[in-house]
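**Q** Can you keep this structure in mind? I'll have questions shortly.
The values are calculated or read from the model by the stated rules, or taken from the named source; none is laboratory data. Since this is a predicted model, take the numbers as computed values, not measurements. Cβ: placed from backbone, ideal geometry, glycine included. Neighbour counts: every protein chain shown. In case anyone asks, the SASA skips ligands and DNA or RNA and just uses the protein heavy atoms, side chains included. Shrake-Rupley method; radii C 1.70, N 1.55, O 1.52, S 1.80 Å.
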Amino acid sequence: MAQKIINWMKKPIVEIAIFVVVAVAMILVSFLVLHIPLVAVCTIVILEGALAALLNRIPIWIHGLIVIAQIVAGILFGKIVFMVLMAVVYVAAVALLYLWTSKDN
């Protein structure tokens, strides 16, 4: 029984589930509370995930600069709360990819 649990925990299912829950929560908050169109929100969430995947092997401080740039863009365009929510999605995607790729090594 314990071996089954250990083998199950080695799979990235838990990390992916956490990322999906975070992404869905941010989509719902953006759509229901901020009244941003659903297609735009989902598109940006997909772009955040793709950006995190493409920049997977860069130093962590560059990811910090990307998050800062997102928040500054939110300030400039008057959508600070939305861009902070999308920065959370980006950080969750980076964390997922870090945990997923560190298990391979």
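**Q** Under 8 Å between Cβ atoms, at least 6 apart or on separate chains: pull out the pairs that start in region 39-64 with a residue that is charged (D, E, K, R) and end on any residue that is assigned to a helix (DSSP H, G or I).
**A** What qualifies is E48/M86; E48/V89; E48/Y90; E48/A93.
**Q** Mind telling me which of the residues V41, V20, V45 ends up being in contact with a Phe, Trp or Tyr (Cβ under 8 Å, 6 or more places away or on another chain) and under 16 Å from Y90 (Cβ atoms)?
**A** Details: V20 fails: in contact with a Phe, Trp or Tyr (Cβ under 8 Å, 6 or more places away or on another chain); V45 fails: in contact with a Phe, Trp or Tyr (Cβ under 8 Å, 6 or more places away or on another chain).
After ruling out the rest, the residue left standing is V41.
**Q** Report the residue count in region 72-82 for those that are under 18 Å from V24 (Cβ atoms) and open to solvent by 30 Å² or more (accessible area, probe 1.4 Å). Spell out how you get there, then give the answer.
**A** If we filter region 72-82 for residues that are under 18 Å from V24 (Cβ atoms), which is where we start, we get 81-82.
Applying the additional criterion that residues be open to solvent by 30 Å² or more (accessible area, probe 1.4 Å) yields 81.
So the count comes out to 1.
**Q** Also, I was wondering about something else. Of all residues in region 11-65 being of a type in the set (V, I, T) and surrounded by 18 or more Cβ atoms within 10 Å (Cβ to Cβ), which is farthest from the chain's Cα centre (by Cα)?
**A** The extreme case among them is I36.
**Q** Search region 83-96 for residues being within 14 Å of M26 (Cα to Cα) and touching a residue at least 40 places away in the same chain (Cβ under 8 Å), and hand back the single one that is most open to solvent (accessible area, probe 1.4 Å).
**A** Kept after step one, since they are within 14 Å of M26 (Cα to Cα), are these residues of region 83-96: 83-93.
Next, from what is left, pick out any that are touching a residue at least 40 places away in the same chain (Cβ under 8 Å): 85-86, 88-90, 92-93.
Numbers: L85: 26, M86: 0, V88: 60, V89: 1, Y90: 2, A92: 23, A93: 5 Å².
The extreme case among them is V88.
**Q** Failed condition for S102, given (1) polar (S, T, N, Q); (2) within 16 Å of V14 (Cα to Cα); (3) surrounded by 15 or more Cβ atoms within 10 Å (Cβ to Cβ), with all others met?
**A** (3)
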